[in-house]
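Here's the structure we're looking at; comments come further down.
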Amino acid sequence: MIRDAVLRLYAYHEEMTERVLACCEALPREDFTREIVVVQPSLRDTLVHLASSQRVHLDWWNGSMSGEDSWERRFLGADYADLEAVRAFWREVAADTSTFLETLGVDADFAREPSRVRRDGFTVTSWLWESLLHVVNHGTQHRSEAALMLTALGHSPGDLDLL
């Protein structure tokens, strides 16, 4: 049951992120990289943050990096020249996430408790299912911010609801 729910949420997460990226195609590069809403990062920076947050978690979950090493990496919007670079980054992260999710076969896999030590010395431990849901929820927040910016520019992505 948990596996089915997580797979469904990640399919939604990927589909809606692709929808937001598709809406960005109509924008001039300047609108993609500039501040649209005061004190809010640009569309590019918001979407890079969405993808990089997932990358950081994924590399921790799948064991390719320690939680500490993964969380030390920084992905800057300025390192992604245009929409195609952001889209390529997102698609790589989404594909790697799908591959990881396919390795999770039974509900017990989701009860694993990865942990990491933060810079302040505090140890963060959570169930894998909880961390997986956190990333989708985090993506929802940033897609809604991107949707607001796109709507302000006359390119609303439309309904981003799950159902």
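The values are calculated or read from the model by the stated rules, or taken from the named source; none is laboratory data. As the structure is a prediction and not an experimental result, all values here were calculated from the model. Every residue, glycine as well, gets a Cβ built from its backbone with ideal geometry; the counts of neighbours run over all protein chains shown. For the accessible areas, the whole protein counts, side chains as well, though only heavy atoms, and no ligand, DNA or RNA atoms are used. Shrake-Rupley method; radii C 1.70, N 1.55, O 1.52, S 1.80 Å.
A few remarks follow.
- GNM top mover of THR46, THR103, THR33 - the chain, alpha-carbon springs below 10 Å: THR103
- Around the Cα centre of the range 17-163, unit charges on the Cβ atoms of Lys, Arg, Asp and Glu (plus for the first two, minus for the last two) sum to a dipole of about 240 debye.
- Spacing of the two label points (7 Å from each Cα toward its C-beta) at ALA5 and LEU163, in nm: 1.4 nm
- Euclidean distance between Cα centres, the range 87-133 to the range 1-32, Å: 18 Å
- The C-alpha atoms of the chain define a longest principal axis, and helix 43-61 lies at about 10 degrees to it.
- Karplus (6.51, -1.76, 1.60) ³J(HN,Hα), θ = phi - 60°, over the range 146-151, in Hz, Gly and Pro reported as x: 5, 4, 4, 5, 4, 4
- Largest GNM mean-square fluctuation among GLY67, GLY105, GLY77, using the chain with Cα springs under 10 Å: GLY105.
- Angle between the chain longest axis and helix 83-102 axis [Cα atoms, degrees, rounded to 10]: 20 degrees
- Whole-percent carbon and sulfur share, accessible surface of the chain, 1.4 Å: 55 percent
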